[in-house]
Amino acid sequence: MNESEITAYVERSQSLIDQAPQMDEENTKVKLTQPLIDLLGWDMFSSEVELEYPMQIGRGNTRADYALLIETAPVVFIEAKGCDSTLTDADRSQLTSYMRQKGVDWGLLTTGSQFEIFRRRKDSSRPDEVSLAQFSIAELKDNWHVLELLSKELVKTGEADTIAHRIEARQHAVETLQQQKESLAERVTQLVIAEIDDSLAQEIEPKSKEYIDSLIHTLANGDEADLPVVENGGEIVTTSDDVVSDTSSTVETEYIVHLSANGDRVWSCSKENQSDAMAETVDLLIQEYDLIDQLESFPYVPGSKNAILNSEPTHPTGEPMRQTKGLSDDYYLYVALNQKSKKRYLTKFSELCGLTAEFDGGW
């Protein structure tokens, strides 16, 4: 298929949905699902597409709406719901149970206006059916490279599995880099200054963060032939969807912290990076809510080595804090932590002061 065919399918489908937003399941199958099967290179009027594919699960008999077959073996199951419905967890469980029962590697769940692609992962001792992507008809063109994994050509040649593996590897890499950006940047800084001069750390640190941001952007916006635009905890969305911080503008993402007391918001801050947001919040807790007095010990050392809060920029071992934020009254905050740890300590410190911390923006 070519771009004009994909565009024509999207425009025709959107028009039909606009005309009949309450389209039932049978009409959805005929008007939206079956043309999509054709577009993916499967011949609806041949033995490679079987409607109401029968199978037995437990003691009962059931049927998949569509089975796409290669040499009589099902390789893709499609479950179609009406445009007048929404995809539910029950729908997802239904499709994945079909895939598991027959050992089918690919699945598509669709209402004609919403799409969710499933892949059967076999890289562990127990195969698992996972959601690879979710998008709407309006986002289909941007995500065609993912939907195309269900095409006859890519499934038959096995290239769909190769591409899916690259997608998942990049998803994991982007997620890890986003969550651990601060600590990774600190490690990059330390590697560089170990070879040159420790006095240049303040100049090198921001460049290290820019490097990690650039790496995230590169991975999340790689070859469109095999990579979704951006990833959200295993679920793929396009950059037009504001579910996560837009990776194409990672540097501009704001990290927002809200503090509430008895359900009422009492304070908020917004910073360009996690460390600054953490530092401003902790400084407020010290100045306005006597955080230091609430701590069980000071310096605050939650583990056996590193201090998170101290009156000097060192750990109990005497080793200098390589990445700190200076606070009021000559307190120092250790910020060489990953995102999860920053949120955990902010939550703990807030609770000690009788407040609730909430996170928004790039968190």
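The values are calculated or read from the model by the stated rules, or taken from the named source; none is laboratory data. The structure presented is a predicted model; accordingly, all values stated were derived computationally and were not measured. As a convention, Cβ positions derive from the backbone with ideal geometry for all residues, glycine included, and neighbour counts pool all protein chains shown. All accessible areas refer to the heavy atoms of the entire protein, side chains included, with ligands and DNA or RNA removed. Shrake-Rupley method; radii C 1.70, N 1.55, O 1.52, S 1.80 Å.
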Run down the lysines and flag those whose C-alpha is under 22 Å from the C-alpha of LYS271, throwing out any fewer than 8 positions away in its chain.
LYS181, LYS207, LYS209, LYS325, LYS340, LYS342, LYS343, LYS348
What are the residues whose amide H is under 5 Å from the amide H of VAL76, where those residues sit 5 or more places off or on another chain and H is modelled from the backbone?
LEU68
With axes computed from alpha carbons, what is the tilt in degrees of helix 89-102 against the longest principal axis of the chain, rounded to the nearest 10 within 0 to 90?
60 degrees
Within the stretch 43-143, the percent of DSSP beta bridges that are antiparallel, given to the nearest 5, stands at 85 percent
Can you find, among ALA201, VAL335, ALA277, the residue farthest towards the positive end of the dipole of the chain? Put +1 on the C-beta of Lys and Arg, -1 on that of Asp and Glu.
VAL335
How would you classify the stretch 7-111 from its alpha-carbon gyration tensor, with a ≥ b ≥ c the square roots of the eigenvalues: rounded for a/c under 1.5, else prolate if a/b is greater than b/c, otherwise oblate?
oblate
Within the stretch 315-336, the residues whose backbone N lies under 18 Å from a label point placed 7 Å from the Cα of GLU296 along the Cα-to-Cβ direction are 316
Would you mind counting up the charge near TYR53? Only other residues with Cβ under 13 Å from its Cβ, with Lys and Arg at +1 and Asp and Glu at -1.
-3
Restricting to lysines and to Cα separations under 29 Å from LYS141, and discarding same-chain partners fewer than 8 apart, the set is LYS29, LYS31, LYS81, LYS122, LYS152, LYS156
Just need the relative contact order of the chain here, percent rounded to a whole number, with Cα pairs under 8 Å and 6+ apart.
11 percent
How would ARG187, ARG12, ARG92 line up by accessible area, probe 1.4 Å, largest first?
ARG187, ARG12, ARG92
Acute angle (nearest 10 degrees) that the helix 201-220 long axis makes with the longest principal axis of the chain, alpha-carbon atoms
10 degrees
Rounded to whole Å, give me the distance from the Cα center of the stretch 50-122 to that of the stretch 158-211.
38 Å
Taking every DSSP beta bridge with both residues inside the chain, roughly what % is antiparallel (nearest 5)?
90 percent
